[in-house]
Every structure is written in structure tokens, then in C-alpha cells.
1. Report the trypsin sites (Lys or Arg not before Pro) located in the stretch 60-127 that are in a DSSP loop and have at most 16 other Cβ atoms inside 10 Å of their Cβ, or state none.
2. Tally Lys and Arg at +1 and Asp and Glu at -1 over the other residues with C-beta under 14 Å from the C-beta of M72: what net charge comes out?
3. Assuming R0 = 35 Å, what is the FRET efficiency of A30 and Q88, from their Cβ-Cβ distance, to the nearest 0.05?
4. Write down the radius of gyration of the stretch 3-127 and its Dmax, each obtained from C-alpha positions, in Å.
5. For the residue pair T52 and H112, what label-to-label distance in nm results when each label sits 7 Å from Cα along the Cα-to-beta-carbon direction?
6. Within the stretch 31-56, name every residue whose backbone N is under 14 Å away from a label modeled 7 Å from Cα of E79 along the Cβ vector.
7. Taking 7 Å along the Cα-to-C-beta vector as the label spot, tell me the A127-N10 distance in nanometres, rounded to one decimal.
Amino acid sequence: MRLPVILVQNPPASAAGLAESLVGNLIGRAGLDLTLVGRFDSLAGDSTDRMTLDGITVPSAILDWRSESEMMEVLATIEFHGSRCPHQLDPGGPFAPGKSSRRLFLFDLTKHQDVHTIVAELDRLRASLSVKTVSLGGLGSVGSATVKPAANRDTGNRDTGNRDTGNRDTGNRDDEATVRPVPVTAVPRQPTPVAPASPRSDENLDSLIDQLDNLDV
């Protein structure tokens, strides 16, 4: 944000050097827009200075050769409304709301004559106006919001049904198995067949002995 700096060009003869030094330091300074006008109480309604002031609607710094209270009075006569805001070179200035909430930073050049101090305070005010504030009023409803937990989230069942038991379809199949047990029919065990031993034939043995005897003859 830029800060308009309105400098009144009617310095006392003894302060002519201060006015020139202020103009030299403020022209082209980053973030500060210098505007030179005549005495506020001498500006005609159709004058260029008056139209220039009418076009300024943002917080502004006013540098004049009169007291802060006198500045507020004379600014009101030309419909340049605003609220006096305290700063480091006007610490005792109370916040005085007027017809407009626009902030006005007033500098009495009869009390402050150090150019570097004045310029430094203008830079500080411009920087403070550039800080953005964020309203937190709407965050209360967020904290009171209730989040509904998903069903069976603690047991790890993300889908409906008892996935961990293997039953993907709905219905209590495990309950049916418990209520309706399936009867088991006992099947008799079949004995293992044993191959019958080959019968011993005495007749064959006798025949074999006879054949051996015949060979010896």
C-alpha cells in the first residue's frame, strides 16, 4: 500500500530550508506519494489543489505548519474528513473519530524539524499499512463441527458386511451355521484286504524229489 503525503507550502521564513529538504527527500521515495498544496483555508472549491485532495480517499499523512488540533479543524472546513491517529511524532494525539473512518497522521512541522526523523516515521507508517490482517471470526464454527465416524472403522471393516470373516454378502451366514448344524454321517471303515497266502502243495514237493532221484540214476 502507498501512503499519500500532503505537504502544505506555507512555511515560515525561518523554516524554508526544512520545506525544501522535505521535498527533496520525499519526491520519488518508494511507497510515498508527495502532494504539495497551498494553505487549506485558502483553497477555492474549484481549485486544482482542492480537486487533488478530493481524489485522495485513503489513509494519509498531513504535514502542516500548525498544531494537530488546528489541522483537524481546517481540514473539516474543506470536507477532507478523517480520524486523527497517534504515531511516534504525535504520541499524545488521541484517536478522534470524525465523519470518516479514514486515518489521518498529522505532523506539526513547528515541533519537528529533523528531516530524517520525519521521513523515517513516514516510512514506518507506510509499512504498517501494508500489513494485512485476517479475521478469525468464522473459525469458531469449524471447531464445533462434528465428524461422523464411518461404520465399523475400529474393527477394520471399511465395506459393509463382515469382510474379516470372509462374508462379503449381507446376511448372518455364521449365525445360520451355528443354529443349523450340518449332521455328519459316520462311514464305516473298510478293512484292508489281505492277500491269501499261497497254499503249500505237498504233492508238488514230492514230485520234485522224485525228479531229482531220477537224475541221479
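Every number in this text was worked out from the coordinates using simple rules, so none of it is lab data. None of the values given here were measured: they were computed from a predicted structure. Quick reminder, even Gly has a Cβ in these numbers, built from the backbone with ideal geometry, and neighbours come from all protein chains shown.
1. Of the trypsin sites (Lys or Arg not before Pro), the ones in loops of the stretch 60-127 whose Cβ has at most 16 other Cβ atoms within 10 Å are K99, R102, K111.
2. -3
3. Efficiency, rounded to the nearest 0.05: 0.95.
4. That works out to 13.4, 36 Å for Rg and Dmax.
5. Distance between label points: 2.1 nm.
6. The answer is 44-47, 50-56, whose backbone nitrogens lie closer than 14 Å to the label point.
7. The modelled label-to-label distance comes out at 3.5 nm.
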